[in-house]
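The values are calculated or read from the model by the stated rules, or taken from the named source; none is laboratory data. The structure displayed is predicted, hence computed values, not measured ones. Ideal geometry is used to build each Cβ from the backbone, glycine not excepted, and the neighbour counts take in all protein chains shown.
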Amino acid sequence: MKQKYIKLPLRETRIIVEHIIFMQMLKVGLYKTKVVLIKFNIGLYSSLSLLIIVLLVVYTIIKLRKRRL
């Protein structure tokens with residue numbers, strides 16, 4: 001199974017990333033965290049929280065990959 005990389009505009013990428021994060025949260029059972037993020041979805045805070053979450057997700061993925069190898 002080959003991975004295909006598609007260049008997307010920033011908005012679409014953000015939506016996809018948020019969707020992936022949301023699905024992961026549902027799996028882990030951190031649904032409440034997402035609800036809290038939606039409630040505090042105010043400009044700067046939302047972008048900062050999204051950035052922090054993305055960094056955390058990337059960090060965990062890297063850790064999992066290293067563990068598997």
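Brief remarks on what is shown
- Contact map, segment 44-69: first residue under 16 Å from GLN24 (Cα atoms) and modelled with pLDDT of 80 or more, second residue among the hydrophobic types (A, V, I, L, M, F, W, C) and in a helix (DSSP H, G or I), Cβ cut-off under 7 Å, separation 6 or more or different chains; pairs are ILE53/ILE21; VAL54/VAL17; VAL57/ILE21.
- Taking the numbered list (1) outside any helix (DSSP H, G or I); (2) at pLDDT 60 or above in turn, GLU18 passes all entries but (1).
- All of (1) modelled with pLDDT under 70; (2) surrounded by 11 or more Cβ atoms within 10 Å (Cβ to Cβ); (3) out of contact with any helix residue (DSSP H, G or I) (no Cβ under 6 Å at 6 or more places or on another chain) hold for MET1 with one exception: (2).
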